[in-house]
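Data block below; observations after.
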Amino acid sequence: MYELEIQISSPKKTKVICNCPYDMDVYYKHAVAAILQIVFSGFINRKDKTKQPELSKILPSVSQKDLVKFLLEKAGSDPRFYKELTIFFSQSDSKSRASYLEEVTKMYHSFLDEFDFIDYQTSFEFQKKNESFSRSGKKTLSDKPKEALYLASACAEMALEASMNMDDTNHYTMDDLGCFRNDSKVSSKTSNTMR
């Protein structure tokens, strides 16, 4: 007996998890059969949509303590939300690691499909964009070494995350990480001179 889990986060975002040995992709037979059963059985009533209250009307009545508690709980259970929250609240006027990470994260998210995945074809475009972004750090290495280090760190973190959420058959993401390894030798020399 196999266990199948269907996670629907929005009308266009569906994730299917199954413990059967044939779970190769989101379109395998158990997933399709389960989704068709749900759709045709009438479990989903598209006309009966309950209207959610507007957030702008709810938030003014929420106490600061409750809001902080909610944000901490949500961030503790959702790594992506934690990263976004950290980036948002650690902004400053100067280019910091957080601002570079936010920029690279936005770029990465722009390539994700509805399943939070970068397919083979799109991986080439992602790799070019990420490489271009990381190379811009080399230009700032001599006059702004700290910013170059922040940029390389943000790109490396995003390349590592992307490698777990993309078809990297040609190992481009790993090549990017190799580039960061070579850059880190320069960066470590730079960071020693900044001390």
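The values are calculated or read from the model by the stated rules, or taken from the named source; none is laboratory data. If you're wondering where the values come from, they're calculated on a predicted model, not measured in any experiment. When we count neighbours, we look across all protein chains shown, and the Cβ atoms used for this are built from the backbone with ideal geometry, even at glycine.
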Failed item in (1) touching a helix residue (DSSP H, G or I) at 6+ places or on another chain (Cβ under 9 Å); (2) at pLDDT 75 or above, with residue 164 passing the rest:
(1)
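Condition check ((1) surrounded by 10 or more Cβ atoms within 10 Å (Cβ to Cβ); (2) at pLDDT 75 or above) across all residues:
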residue: 17; (1), (2): yes, yes
residue: 28; (1), (2): yes, no
residue: 39; (1), (2): yes, no
residue: 50; (1), (2): no, no
Step by step: first the residues of the range 101-153, then only those that are buried (at least 16 other Cβ atoms within 10 Å of the Cβ) and among the small types (Gly, Ala, Ser), then the one that is nearest to residue 7 (Cα to Cα). Which residue is that?
123
Being modelled with pLDDT of 70 or more and farther than 24 Å from residue 84 by Cα, is that true of even one residue in the range 145-160?
yes
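Check the range 119-134 and report whether any residue there is more than 30 Å from residue 12 (Cβ to Cβ) and part of a helix (DSSP H, G or I).
Keep residues of the range 119-134 that are more than 30 Å from residue 12 (Cβ to Cβ), which gives 134.
Imposing the further condition that a residue be part of a helix (DSSP H, G or I) reduces the set to 134.
There is at least one residue in the range 119-134 that is more than 30 Å from residue 12 (Cβ to Cβ) and part of a helix (DSSP H, G or I).
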Which condition breaks for residue 87 when tested against (1) over 22 Å from residue 162 (Cα atoms); (2) modelled with pLDDT under 85; (3) β-branched (Val, Ile, Thr)?
(1)
Per the filter on the range 120-154, residues more than 17 Å from the chain's Cα centre (by Cα), among the hydroxyl-bearing types (Ser, Thr, Tyr) and closer than 17 Å to residue 100 by Cβ are 132, 134, 136, 140, 150
